[in-house]
Amino acid sequence: VMGAPWIERDKLLTYLNARRIAGVRFETTGFTPSADRFAHQPCHGIKIEVEDRRTLDSPELGVELATALYRLYPRKFRMDSTLGMVGSLRVLDQIKAGEDPKSIEQDWQARLADFRMLRSKYLLY
């Protein structure tokens with residue numbers, strides 16, 4: 001579940017469904033958290049349901065979600081605070097520059113392949 005008081009859930013749902021993200025399905029939802037930043041405030045958002053974990057690319061989903069929030073709510077969504085979740089300043093800069101999440105994912109594939117090759121000599125099994 002992902003939401004905030006300022007999210008227009010139908011708008012977010014329409015945006016994410018148009019992205020056709022493999023392995024997941026989205027539904028609108030509402031909730032009131034009892035703790036954290038939006039404690040005791042009604043929040044609107046989406047529920048993410050994994051339909052096929054084999055086709056789901058979790059990092060790509062994360063970039064898609066961050067991009068959606070940044071594009072739809074640039075004044076409310078604190079993009080810079082997501083660095084710990086996104087894990088890369090480069091990806092944050094690409095999202096801010098308006099790059100498509102699919103091209104951002106393609107950009108990291110070469111570096112990922114290099115890492116996998118380096119890692120392979122250290123794997124025991």
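Yes or no: segment 112-122 includes at least one residue that is part of a loop (DSSP other than H, G, I, E, B), open to solvent by less than 60 Å² (accessible area, probe 1.4 Å) and either more than 24 Å from residue 8 (Cβ to Cβ) or in contact with a Phe, Trp or Tyr (Cβ under 7 Å, 6 or more places away or on another chain) (or both).
No: zero hits.
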Anything in segment 35-58 that is over 22 Å from residue 85 (Cα atoms) and open to solvent by 80 Å² or more (accessible area, probe 1.4 Å)? List them, or say none.
40, 42, 51
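The values are calculated or read from the model by the stated rules, or taken from the named source; none is laboratory data. Worth saying up front: this structure is predicted, and the values here are computed from it rather than measured. Methodologically, a virtual Cβ is constructed for each residue, glycine included, from the backbone with ideal geometry; neighbour enumeration extends over all protein chains shown. Calculation scope for accessible area: heavy atoms of the full protein, side chains included, ligands and nucleic acids excluded. Shrake-Rupley method; radii C 1.70, N 1.55, O 1.52, S 1.80 Å.
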